[in-house]
């Protein structure tokens, strides 16, 4: 387990997450892509803390902040799904046609 | 190969494979459980890296979060059980290109980057040092996260309210068409009523 292998795993998670966030039509699946990106970010942050940070506690703090971002993203995402469903009776990104120019 | 290395490679393979399966399964509920598996594998890797608190916190947080996600899947999705084949994507080629490009670029940074080797010193308790940081120098950051979460709660309640500032939230809401740009699905009742002799004057 080296820093390089850790970062490559994190890069793979971020890449898969980006693919999901850009390709999925359903809002909840899109949010899963975002979560996967944050999963990779947390792994990279912990990897840097453990291998290059000499135990500086700010590395762990960064991961705690990413977890808070994740909780906020989930809550706002689900609220958006509910709000869009009320207005359009669907949870697809395509149903927000008012955002097209 | 030591036990730690072996566990790492197994967990890394599980995390990536489960992450990929999230977008390749027909069932929305199964997708959220695949994501949970991916998070648990990353949590185990964090435990291997001695980030004990973060790994365990990830287990608890994700177990609850993915249950909520599975519930939302059942409430809103057309295919929660995966009984029909399903692939709801747009601009898939572009998305795949973006994902692969990000992976190659970040892996390039990992392989060719010059990072110092400064492991966690012996005798340092990661949980104690994190606690002292959270309630010491970085207390403002930590408290800001709490205030932001409170603001999120208020915003979420406002966004999901039945009644907004401008009337009912679902006023004038019609279901989407079965085809893009088509008539709203499930609205033949008006014609039925006309055939039965009921006249509505609008």
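The values are calculated or read from the model by the stated rules, or taken from the named source; none is laboratory data. As the structure is a prediction and not an experimental result, all values here were calculated from the model. No Cβ is skipped: glycine too gets one built from the backbone with ideal geometry, and neighbour counts run over all protein chains shown.
For the range B:97-117, which positions are surrounded by 14 or more Cβ atoms within 10 Å (Cβ to Cβ) and part of a loop (DSSP other than H, G, I, E, B)?
B:115
Filtering the range A:78-98 down to residues that are at pLDDT 75 or above and out of contact with any helix residue (DSSP H, G or I) (no Cβ under 9 Å at 6 or more places or on another chain), which residue is farthest from the other protein chains (Cβ to nearest Cβ)?
The qualifying residue farthest from the other protein chains (Cβ to nearest Cβ) is A:94.
Please go through the range B:37-54 and pick out each residue that is crowded, with 22+ Cβ neighbours inside 10 Å and either under 13 Å from residue A:35 (Cβ atoms) or facing chain A (nearest Cβ under 9 Å) (or both).
Within the range B:37-54, the subset crowded, with 22+ Cβ neighbours inside 10 Å is B:38-39, B:41-43, B:45-46, B:49, B:51, B:54.
Within the range B:37-54, B:38, B:39, B:42, B:45, B:46, B:49, B:51, B:54 meet the criteria.
Out of all the residues in the range A:54-77, is one or more buried (at least 19 other Cβ atoms within 10 Å of the Cβ), facing chain B (nearest Cβ under 7 Å), touching a helix residue (DSSP H, G or I) at 6+ places or on another chain (Cβ under 6 Å) and more than 30 Å from residue B:153 (Cβ to Cβ)?
no
Restrict the check to the range B:77-96 and report whether at least one residue is modelled with pLDDT of 90 or more and crowded, with 18+ Cβ neighbours inside 10 Å.
Scanning the range B:77-96 turns up at least one residue that is modelled with pLDDT of 90 or more and crowded, with 18+ Cβ neighbours inside 10 Å.
From the set of residues in the range B:22-35 that are at the interface with chain A (Cβ under 10 Å from one of its Cβ atoms) and part of a helix (DSSP H, G or I), which is nearest to residue A:11 (Cα to Cα)?
In this case the residue turns out to be B:35.
Just a yes or no: is a residue in the range B:108-125 out of contact with any strand residue (DSSP E or B) (no Cβ under 9 Å at 6 or more places or on another chain) and either touching a residue at least 40 places away in the same chain (Cβ under 8 Å) or within 18 Å of residue A:28 (Cβ to Cβ) (or both)? Spell out how you get there, then give the answer.
Looking only at the range B:108-125, we keep the residues that are out of contact with any strand residue (DSSP E or B) (no Cβ under 9 Å at 6 or more places or on another chain), and these are B:108-125.
With the extra rule that they be either touching a residue at least 40 places away in the same chain (Cβ under 8 Å) or within 18 Å of residue A:28 (Cβ to Cβ) (or both), the set shrinks to B:120.
Scanning the range B:108-125 turns up at least one residue that is out of contact with any strand residue (DSSP E or B) (no Cβ under 9 Å at 6 or more places or on another chain) and either touching a residue at least 40 places away in the same chain (Cβ under 8 Å) or within 18 Å of residue A:28 (Cβ to Cβ) (or both).
Could you check, for the range A:36-52, whether at least one of its residues is under 18 Å from residue B:73 (Cα atoms) and either at the interface with chain B (Cβ under 7 Å from one of its Cβ atoms) or surrounded by 19 or more Cβ atoms within 10 Å (Cβ to Cβ) (or both)?
If we filter the range A:36-52 for residues that are under 18 Å from residue B:73 (Cα atoms), which is where we start, we get A:36.
Imposing the further condition that a residue be either at the interface with chain B (Cβ under 7 Å from one of its Cβ atoms) or surrounded by 19 or more Cβ atoms within 10 Å (Cβ to Cβ) (or both) reduces the set to A:36.
Yes - at least one qualifying residue is present in the range A:36-52.
Given the criteria in contact (Cβ under 8 Å) with a residue 12 or more places away in the chain and under 24 Å from residue A:73 (Cβ atoms), does residue B:22 qualify?
Working: in contact (Cβ under 8 Å) with a residue 12 or more places away in the chain: yes; under 24 Å from residue A:73 (Cβ atoms): yes.
Yes.
Hey, can you tell me all the residues within the range B:103-123 that are at the interface with chain A (Cβ under 7 Å from one of its Cβ atoms) and either closer than 14 Å to residue B:53 by Cα or within 26 Å of the chain's Cα centre (by Cα) (or both)?
If the condition is that a residue be at the interface with chain A (Cβ under 7 Å from one of its Cβ atoms) and either closer than 14 Å to residue B:53 by Cα or within 26 Å of the chain's Cα centre (by Cα) (or both), then B:103, B:106, B:107, B:110 are the ones that fit.
Is it the case that residue B:66 is within 30 Å of residue A:27 (Cβ to Cβ) and part of a loop (DSSP other than H, G, I, E, B)?
Working: within 30 Å of residue A:27 (Cβ to Cβ): yes; part of a loop (DSSP other than H, G, I, E, B): no.
Spelling it out, it is not the case that residue B:66 is within 30 Å of residue A:27 (Cβ to Cβ) and part of a loop (DSSP other than H, G, I, E, B).
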